[in-house]
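Colleague: Here it is, the structure, as structure tokens.
The values are calculated or read from the model by the stated rules, or taken from the named source; none is laboratory data. Keep in mind it's a predicted model, so treat the numbers as computed, not measured. For neighbour counting, all protein chains shown are included, and Cβ atoms are generated from backbone atoms with ideal geometry for every residue, glycine included.
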Amino acid sequence: MVIKEISKLIGRDLRKFDIEFLDNNLDNYEFIYIFQDDNVIYIGLNFSYGKVSETDRQKVENSLTNLKNLKGFSVRYKEIDEVPDFIRNFKDLESLNLKQNNLK
């Protein structure tokens, strides 16, 4: 399962979150995922703490591309200048939160 693989790479368990309690303010939702109809539809990650190596972060990003039914994604990086390439591959996202990043 992708969630277990990601949890192992980041060294922390992702918490399952109930979609009923997800609101429009996704800024504070880190290390969570939402499951609906046997699919991960939302995931929130925070790489700004610097505990995940560059190699493991890239593996996480590759794993995320396997989530074909992903509808929402929130991510925070320590430092980035532009939207990471892997995010551009998500064609059906309804919600993308990059607000916590200092993008140029």
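Colleague: At pLDDT below 90, in a loop (DSSP other than H, G, I, E, B) and under 14 Å from VAL2 (Cα atoms): is that true of LYS99 in this structure?
Modeller: no
Let's see how each residue does on (1) surrounded by fewer than 12 Cβ atoms within 10 Å (Cβ to Cβ); (2) out of contact with any Ser or Thr (no Cβ under 7 Å at 6 or more places or on another chain); (3) in a strand (DSSP E or B); (4) modelled with pLDDT of 90 or more:
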residue: ASN28; (1), (2), (3), (4): yes, yes, no, no
residue: ILE34; (1), (2), (3), (4): no, yes, yes, no
residue: ASN46; (1), (2), (3), (4): no, yes, yes, no
residue: THR55; (1), (2), (3), (4): yes, yes, no, yes
residue: GLU61; (1), (2), (3), (4): no, yes, no, yes
